[in-house]
1. Among all the lysines, which ones have a C-alpha under 28 Å from K66's C-alpha, if same-chain residues fewer than 8 places away are not counted?
2. With a sphere of radius 15 Å drawn around the Cβ of E58, what net charge do the other residues whose Cβ falls strictly inside it have (Lys, Arg +1; Asp, Glu -1)?
3. What is the helix-to-structure angle for 31-102, meaning the angle in degrees between its Cα long axis and the longest Cα principal axis of the chain, kept from 0 to 90 and rounded to the nearest 10?
4. Considering only protein heavy atoms, what per residue accessible area in square angstrom results for the chain with a 1.4 angstrom probe?
5. So, taking all protein chains as they sit and a 1.4 Å probe, how much accessible area belongs to L117, in Å² rounded to tens?
6. For E102, E92, E70, what's the largest-to-smallest order of accessible area, 1.4 Å probe?
7. If I ignore ligands, DNA and RNA and count only protein heavy atoms, how much of I4 is accessible to a 1.4 Å probe, in Å² to the nearest 10?
8. Rounding to the nearest 10 and keeping the result within 0 to 90°, find how far the Cα-based axis of helix 4-28 lies from the longest principal axis of the chain.
Amino acid sequence: MFSILDTLKMGAGIAAGLLLYDFYAVSIGYPSAAREARAGYVLLAEKTTAEARAAEMERQRNAAAKASEEHRKRLKAAETAEQAAQDTLETEIQSYELQLSEKNRACAVTAADRQWLLRH
């Protein structure tokens with residue numbers, strides 16, 4: 001049927017075909033390996049993106065907490081200053097009324113006048 005020479009030709013042809021396929025697969029890349037590499041890259045990219053989002057949300061939360069704390073401190077300081085100013089005004093009013101009473105003079109300040117003084 002086949003001679004030895006035919007068998008050698010077929011063997012050489014099969015070897016050459018396998019060699020060409022190997023060169024093709026190496027030069028183009030194995031499709032399954034490329035798919036796996038892309039799948040791994042997608043997972044890595046999604047993980048990196050999720051970590052970046054989490055870090056940004058943490059940074060924004062910390063910044064909001066810091067701003068809120070600063071606002072709270074400023075509000076407390078403003079309330080303290082307002083209370084001190086009101087106490088000083090009350091003391092000045094009482095001092096003035098005491099001076100008037102010592103001189104036997106009446107203070108013609110009405111409640112409406114007093115409220116106006118407290119507001120301004």
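1. Candidates past the 8-residue exclusion: K76.
2. Values: positive: R53, R59, R61, K66; negative: E51, E56.
Computed value for this residue: +2.
3. Taking Cα atoms only, the helix is inclined about 0 degrees.
4. Working: 10760 Å² over 120 residues.
The answer is 90 Å² per residue.
5. Result for L117: roughly 70 Å² accessible.
6. Working: E102 135, E92 110, E70 80 Å².
The ranking, largest first, comes out as E102, E92, E70.
7. Surface open to solvent at I4 totals about 130 Å².
8. 10 degrees
The values are calculated or read from the model by the stated rules, or taken from the named source; none is laboratory data. None of these values were measured; they are calculated from a predicted model. Virtual Cβ from ideal backbone geometry, glycine too; neighbours counted across all protein chains shown. Heads up: the accessible areas ignore ligands, DNA and RNA and are worked out on the full protein's heavy atoms, side chains in. Shrake-Rupley method; radii C 1.70, N 1.55, O 1.52, S 1.80 Å.
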